[in-house]
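Here's the structure, in C-alpha coordinates; my notes come after.
The values are calculated or read from the model by the stated rules, or taken from the named source; none is laboratory data. Remember, it's a predicted structure, so these values are computed and weren't measured experimentally. Here the Cβ positions follow ideal geometry from the backbone for every residue, glycine too, while neighbour counts run over all protein chains shown.
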Amino acid sequence: MAKIIRAMTRDGSARALSIDAKDIVNRAIEIHHPTPTAAAALGRTLIAASLMGSLLGEEEDLLTVRFKGDGGGGTILASSDYKGNVRGFIEHPSFDCPLRPSDGKLDVSRCVGKGFLNILRDSGGDEPYSGICPIVSGEIAEDIAYYYATSEQTPTVCALGVLIDTDYTCKAAGGVLIQLLPFADDAVAERLEKNASSSPSVTSILDENGHPALLQSFLSGIEYDTFDEIDCGYVCPCSRERTDRALLAMGKKELTDMIRAPEKEFTVHCQFCDRIYRYTKADLQSLIEGGR
(Lines give C-alpha, C1' and ligand atoms only; values in the text may rest on other atoms or scores of the structure.)
Protein backbone atom coordinates (compact mmCIF):
# COMPACT_ATOMS: atom_id res chain seq x y z
CA MET A 1 0.00 0.00 0.00
CA ALA A 2 0.99 3.60 -0.56
CA LYS A 3 0.94 5.98 2.38
CA ILE A 4 0.17 9.68 2.76
CA ILE A 5 1.61 11.61 5.73
CA ARG A 6 -0.23 14.81 6.65
CA ALA A 7 1.28 17.52 8.82
CA MET A 8 0.84 21.11 9.94
CA THR A 9 3.42 23.71 10.88
CA ARG A 10 3.18 24.48 14.59
CA ASP A 11 2.43 28.14 13.98
CA GLY A 12 -0.41 27.30 11.58
CA SER A 13 1.25 28.88 8.57
CA ALA A 14 1.08 25.85 6.27
CA ARG A 15 -0.27 22.38 5.81
CA ALA A 16 1.96 19.72 4.29
CA LEU A 17 1.43 16.32 2.73
CA SER A 18 3.81 13.72 1.39
CA ILE A 19 3.30 10.33 -0.25
CA ASP A 20 5.32 7.24 -1.00
CA ALA A 21 3.51 6.09 -4.15
CA LYS A 22 5.75 3.35 -5.53
CA ASP A 23 2.97 0.74 -5.24
CA ILE A 24 0.47 3.00 -7.01
CA VAL A 25 2.76 3.63 -9.97
CA ASN A 26 3.74 -0.03 -10.27
CA ARG A 27 0.07 -1.03 -10.37
CA ALA A 28 -0.55 1.54 -13.11
CA ILE A 29 2.39 0.12 -15.05
CA GLU A 30 0.99 -3.42 -14.71
CA ILE A 31 -2.37 -2.29 -16.09
CA HIS A 32 -1.39 0.13 -18.86
CA HIS A 33 2.06 -1.16 -19.96
CA PRO A 34 3.43 2.32 -20.66
CA THR A 35 6.86 3.23 -21.93
CA PRO A 36 9.18 4.79 -19.31
CA THR A 37 8.32 8.35 -20.41
CA ALA A 38 4.57 7.67 -20.40
CA ALA A 39 4.90 5.88 -17.04
CA ALA A 40 6.61 8.92 -15.52
CA ALA A 41 3.94 11.29 -16.86
CA LEU A 42 1.04 9.10 -15.73
CA GLY A 43 2.75 8.35 -12.41
CA ARG A 44 3.27 12.02 -11.56
CA THR A 45 -0.37 12.77 -12.42
CA LEU A 46 -1.58 9.91 -10.20
CA ILE A 47 0.60 11.14 -7.33
CA ALA A 48 -0.66 14.71 -7.65
CA ALA A 49 -4.30 13.55 -7.75
CA SER A 50 -3.79 11.34 -4.69
CA LEU A 51 -2.33 14.20 -2.64
CA MET A 52 -4.99 16.65 -3.79
CA GLY A 53 -7.77 14.13 -3.22
CA SER A 54 -6.70 13.57 0.38
CA LEU A 55 -7.61 17.22 1.04
CA LEU A 56 -11.28 16.55 0.22
CA GLY A 57 -13.64 16.86 3.15
CA GLU A 58 -16.31 14.20 2.68
CA GLU A 59 -16.36 10.46 1.96
CA GLU A 60 -18.41 10.91 -1.23
CA ASP A 61 -16.15 13.65 -2.65
CA LEU A 62 -14.14 12.95 -5.81
CA LEU A 63 -11.39 14.87 -7.55
CA THR A 64 -10.22 14.52 -11.15
CA VAL A 65 -7.00 15.89 -12.66
CA ARG A 66 -6.93 16.05 -16.46
CA PHE A 67 -3.99 17.17 -18.60
CA LYS A 68 -5.25 17.89 -22.10
CA GLY A 69 -2.05 18.69 -23.95
CA ASP A 70 -0.71 18.35 -27.48
CA GLY A 71 2.20 16.12 -26.43
CA GLY A 72 2.74 12.59 -27.66
CA GLY A 73 1.04 11.04 -24.62
CA GLY A 74 -2.30 12.71 -25.36
CA THR A 75 -4.80 13.17 -22.54
CA ILE A 76 -3.63 12.10 -19.08
CA LEU A 77 -6.28 11.69 -16.40
CA ALA A 78 -6.31 10.65 -12.76
CA SER A 79 -9.21 10.48 -10.31
CA SER A 80 -8.96 10.35 -6.51
CA ASP A 81 -11.26 9.91 -3.52
CA TYR A 82 -10.94 11.58 -0.13
CA LYS A 83 -8.50 8.95 1.12
CA GLY A 84 -6.11 9.40 -1.78
CA ASN A 85 -7.14 6.18 -3.52
CA VAL A 86 -6.51 6.86 -7.18
CA ARG A 87 -6.89 5.50 -10.68
CA GLY A 88 -5.97 6.88 -14.08
CA PHE A 89 -4.91 6.41 -17.68
CA ILE A 90 -2.78 7.94 -20.41
CA GLU A 91 -4.26 8.10 -23.90
CA HIS A 92 -1.12 6.94 -25.70
CA PRO A 93 0.87 4.71 -23.31
CA SER A 94 3.21 3.60 -26.10
CA PHE A 95 4.59 7.11 -26.67
CA ASP A 96 8.28 7.46 -25.97
CA CYS A 97 10.98 9.94 -26.85
CA PRO A 98 14.73 10.44 -26.28
CA LEU A 99 16.02 11.49 -22.86
CA ARG A 100 16.48 15.20 -22.30
CA PRO A 101 19.90 16.17 -23.64
CA SER A 102 20.36 18.72 -20.84
CA ASP A 103 20.33 16.23 -17.96
CA GLY A 104 19.63 12.76 -19.36
CA LYS A 105 16.23 12.49 -17.65
CA LEU A 106 12.87 11.36 -19.04
CA ASP A 107 11.26 14.12 -21.11
CA VAL A 108 7.86 14.27 -19.42
CA SER A 109 7.10 17.75 -20.76
CA ARG A 110 7.33 16.44 -24.32
CA CYS A 111 4.89 13.68 -23.42
CA VAL A 112 2.42 16.18 -21.93
CA GLY A 113 2.88 19.13 -24.30
CA LYS A 114 1.02 22.43 -24.16
CA GLY A 115 -2.68 22.85 -23.59
CA PHE A 116 -4.86 22.98 -20.50
CA LEU A 117 -5.02 21.48 -17.02
CA ASN A 118 -8.52 20.91 -15.69
CA ILE A 119 -9.37 20.14 -12.06
CA LEU A 120 -12.86 18.81 -11.36
CA ARG A 121 -14.02 18.54 -7.75
CA ASP A 122 -17.34 16.75 -7.23
CA SER A 123 -18.84 17.18 -3.76
CA GLY A 124 -22.22 15.72 -4.61
CA GLY A 125 -23.93 18.99 -5.48
CA ASP A 126 -25.77 19.87 -8.67
CA GLU A 127 -22.69 21.40 -10.26
CA PRO A 128 -19.17 20.15 -9.49
CA TYR A 129 -16.42 22.73 -9.16
CA SER A 130 -14.27 23.00 -12.27
CA GLY A 131 -11.02 24.95 -12.51
CA ILE A 132 -8.84 25.35 -15.57
CA CYS A 133 -5.47 26.87 -16.34
CA PRO A 134 -2.83 26.63 -19.07
CA ILE A 135 -0.19 23.92 -18.88
CA VAL A 136 2.89 25.99 -18.13
CA SER A 137 5.67 23.39 -18.28
CA GLY A 138 4.25 19.91 -18.77
CA GLU A 139 6.35 18.65 -15.87
CA ILE A 140 3.14 18.16 -13.81
CA ALA A 141 4.36 19.54 -10.43
CA GLU A 142 4.90 23.07 -11.72
CA ASP A 143 1.52 22.94 -13.42
CA ILE A 144 -0.26 21.87 -10.21
CA ALA A 145 1.42 24.70 -8.27
CA TYR A 146 0.45 27.18 -11.01
CA TYR A 147 -3.16 25.95 -10.91
CA TYR A 148 -3.42 26.51 -7.15
CA ALA A 149 -1.83 29.97 -7.42
CA THR A 150 -4.06 31.20 -10.25
CA SER A 151 -7.35 29.34 -9.81
CA GLU A 152 -7.56 29.04 -6.02
CA GLN A 153 -5.16 31.82 -4.94
CA THR A 154 -3.28 29.39 -2.71
CA PRO A 155 0.54 29.61 -2.73
CA THR A 156 1.69 26.01 -3.10
CA VAL A 157 4.90 24.02 -3.21
CA CYS A 158 4.53 20.85 -5.27
CA ALA A 159 7.30 18.35 -5.95
CA LEU A 160 6.71 15.01 -7.68
CA GLY A 161 8.99 12.22 -8.82
CA VAL A 162 8.89 8.85 -10.55
CA LEU A 163 12.05 6.79 -10.98
CA ILE A 164 11.76 4.01 -13.58
CA ASP A 165 14.17 1.09 -13.23
CA THR A 166 15.98 -0.71 -16.05
CA ASP A 167 13.29 -3.42 -16.07
CA TYR A 168 10.62 -0.73 -16.65
CA THR A 169 9.18 -1.10 -13.13
CA CYS A 170 8.96 1.83 -10.72
CA LYS A 171 11.93 1.95 -8.35
CA ALA A 172 10.71 4.98 -6.38
CA ALA A 173 7.80 7.41 -6.62
CA GLY A 174 6.27 10.05 -4.43
CA GLY A 175 5.52 13.68 -3.89
CA VAL A 176 5.10 16.62 -1.57
CA LEU A 177 2.32 19.21 -1.47
CA ILE A 178 2.68 22.18 0.88
CA GLN A 179 0.18 25.04 1.01
CA LEU A 180 0.35 28.34 2.82
CA LEU A 181 -2.72 29.12 4.90
CA PRO A 182 -4.27 32.56 5.44
CA PHE A 183 -2.11 34.93 7.51
CA ALA A 184 0.96 32.73 7.08
CA ASP A 185 4.21 34.01 8.54
CA ASP A 186 6.38 35.58 5.82
CA ALA A 187 9.45 33.92 7.33
CA VAL A 188 7.84 30.49 6.90
CA ALA A 189 6.98 31.28 3.28
CA GLU A 190 10.57 32.33 2.58
CA ARG A 191 11.94 29.21 4.24
CA LEU A 192 9.62 26.96 2.23
CA GLU A 193 10.74 28.60 -0.99
CA LYS A 194 14.39 28.14 -0.04
CA ASN A 195 13.86 24.49 0.93
CA ALA A 196 12.03 23.75 -2.31
CA SER A 197 14.93 25.04 -4.38
CA SER A 198 17.64 23.30 -2.33
CA SER A 199 16.05 19.91 -1.52
CA PRO A 200 17.25 16.83 -3.42
CA SER A 201 14.80 15.22 -5.84
CA VAL A 202 11.80 13.42 -4.38
CA THR A 203 12.92 10.04 -5.74
CA SER A 204 16.47 10.37 -4.42
CA ILE A 205 15.13 11.19 -0.94
CA LEU A 206 12.77 8.21 -1.02
CA ASP A 207 15.37 5.85 -2.47
CA GLU A 208 18.09 6.79 0.00
CA ASN A 209 16.29 7.85 3.21
CA GLY A 210 12.66 6.70 3.08
CA HIS A 211 9.29 8.41 3.25
CA PRO A 212 9.58 10.40 6.53
CA ALA A 213 12.62 12.20 5.11
CA LEU A 214 10.46 13.90 2.47
CA LEU A 215 8.74 16.29 4.86
CA GLN A 216 11.93 16.62 6.90
CA SER A 217 13.68 17.96 3.81
CA PHE A 218 10.97 20.30 2.51
CA LEU A 219 10.11 21.56 6.02
CA SER A 220 13.71 21.87 7.16
CA GLY A 221 14.08 24.63 9.75
CA ILE A 222 10.31 24.79 10.33
CA GLU A 223 8.64 23.20 13.36
CA TYR A 224 5.77 20.94 12.39
CA ASP A 225 3.63 18.10 13.72
CA THR A 226 2.40 15.04 11.86
CA PHE A 227 -1.29 14.59 12.62
CA ASP A 228 -2.15 11.45 10.66
CA GLU A 229 -1.12 8.85 8.10
CA ILE A 230 -3.41 7.42 5.43
CA ASP A 231 -3.03 4.15 3.55
CA CYS A 232 -4.09 4.40 -0.08
CA GLY A 233 -3.59 2.64 -3.39
CA TYR A 234 -4.52 2.27 -7.03
CA VAL A 235 -8.22 1.45 -6.71
CA CYS A 236 -10.82 1.18 -9.46
CA PRO A 237 -14.45 0.90 -8.29
CA CYS A 238 -15.81 -0.36 -11.60
CA SER A 239 -18.26 -3.28 -11.45
CA ARG A 240 -20.84 -5.19 -13.47
CA GLU A 241 -23.53 -3.13 -11.79
CA ARG A 242 -21.91 0.11 -12.94
CA THR A 243 -21.59 -1.10 -16.53
CA ASP A 244 -25.24 -2.22 -16.41
CA ARG A 245 -26.22 1.33 -15.45
CA ALA A 246 -24.02 2.80 -18.18
CA LEU A 247 -25.67 0.61 -20.82
CA LEU A 248 -29.15 1.45 -19.55
CA ALA A 249 -28.27 5.14 -19.77
CA MET A 250 -27.79 4.67 -23.53
CA GLY A 251 -31.54 4.14 -23.88
CA LYS A 252 -33.83 1.34 -25.01
CA LYS A 253 -33.42 2.14 -28.74
CA GLU A 254 -29.61 1.85 -28.63
CA LEU A 255 -29.79 -1.44 -26.73
CA THR A 256 -32.36 -2.81 -29.16
CA ASP A 257 -30.11 -1.86 -32.10
CA MET A 258 -27.25 -3.74 -30.42
CA ILE A 259 -29.43 -6.85 -30.04
CA ARG A 260 -30.32 -6.71 -33.75
CA ALA A 261 -26.69 -6.32 -34.77
CA PRO A 262 -24.83 -9.36 -36.19
CA GLU A 263 -22.37 -9.54 -33.28
CA LYS A 264 -23.06 -12.34 -30.81
CA GLU A 265 -21.38 -10.64 -27.85
CA PHE A 266 -20.53 -7.10 -26.74
CA THR A 267 -17.83 -5.95 -24.38
CA VAL A 268 -17.42 -2.94 -22.10
CA HIS A 269 -13.81 -2.11 -21.33
CA CYS A 270 -12.74 -0.10 -18.27
CA GLN A 271 -9.98 2.28 -19.36
CA PHE A 272 -8.76 2.63 -15.77
CA CYS A 273 -8.17 -0.99 -14.79
CA ASP A 274 -8.44 -2.93 -18.08
CA ARG A 275 -11.33 -5.12 -16.85
CA ILE A 276 -13.64 -6.38 -19.60
CA TYR A 277 -17.36 -6.94 -19.03
CA ARG A 278 -19.06 -9.20 -21.58
CA TYR A 279 -22.72 -9.02 -22.61
CA THR A 280 -24.70 -11.47 -24.72
CA LYS A 281 -27.85 -10.49 -26.57
CA ALA A 282 -29.80 -12.20 -23.78
CA ASP A 283 -28.01 -10.03 -21.22
CA LEU A 284 -28.98 -6.89 -23.12
CA GLN A 285 -32.60 -8.07 -23.40
CA SER A 286 -32.68 -8.64 -19.62
CA LEU A 287 -31.41 -5.09 -19.08
CA ILE A 288 -34.20 -3.70 -21.26
CA GLU A 289 -36.85 -5.73 -19.47
CA GLY A 290 -35.47 -4.89 -16.04
CA GLY A 291 -35.27 -1.20 -16.86
CA ARG A 292 -38.92 -0.83 -17.83
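Counting only strands (runs of 3 or more DSSP E) that fall entirely inside the range 182-292 and contain at least 3 residues that are surrounded by 15 or more Cβ atoms within 10 Å (Cβ to Cβ), the qualifying elements are 224-232.
Scanning the range 112-143 for residues that are among the aliphatic types (A, V, I, L, M), part of a loop (DSSP other than H, G, I, E, B) and within 15 Å of the chain's Cα centre (by Cα) gives a single hit, I140. When the range 84-126 is filtered for residues that are among the β-branched types (V, I, T) and at positive phi, nothing remains. The set of residues from the range 148-165 being under 22 Å from P34 (Cα atoms) and more than 15 Å from the chain's Cα centre (by Cα) comprises L163, I164, D165.
Among the residues of the range 28-54, those that are surrounded by 21 or more Cβ atoms within 10 Å (Cβ to Cβ) and over 23 Å from G71 (Cβ atoms) comprise G53, S54. Quick check, is S50 farther than 22 Å from L117 by Cα and among the polar types (S, T, N, Q)? No; evaluated as a whole, the condition is false for this residue. Among the residues of the range 5-63, those identified as under 26 Å from D186 (Cβ atoms) and either within 16 Å of the chain's Cα centre (by Cα) or not hydrophobic (A, V, I, L, M, F, W, C) (or both) are R6, T9, R10, D11, G12, S13, R15, L17, S18, L51, M52, L55. Each residue in the range 202-227 was checked for being modelled with pLDDT of 95 or more, within 27 Å of V25 (Cα to Cα) and touching an Asp or Glu at 6+ places or on another chain (Cβ under 9 Å), and 3 pass. Only residues that are among the β-branched types (V, I, T) and buried (at least 18 other Cβ atoms within 10 Å of the Cβ) were counted across the range 166-181, and they come to 2. Filtering the range 18-38 for residues that are farther than 28 Å from P98 by Cα and in contact with an Asp or Glu (Cβ under 6 Å, 6 or more places away or on another chain) leaves an empty set. Looking only at the range 91-122, how many residues end up being loosely packed, with under 14 Cβ neighbours inside 10 Å and over 18 Å from L77 (Cβ atoms)? Counting residues in the range 91-122 that are loosely packed, with under 14 Cβ neighbours inside 10 Å and over 18 Å from L77 (Cβ atoms) gives 8. Residues of the range 146-156 that are of a type outside the set (S, T, N, Q) and surrounded by fewer than 23 Cβ atoms within 10 Å (Cβ to Cβ): Y146, Y148, A149, E152, P155. Scan the range 144-157 and give yes if some residue there is assigned to a strand (DSSP E or B) and assigned by TED's automatic domain parsing to the domain that holds V65, otherwise no. Within the range 144-157, one or more residues are assigned to a strand (DSSP E or B) and assigned by TED's automatic domain parsing to the domain that holds V65.
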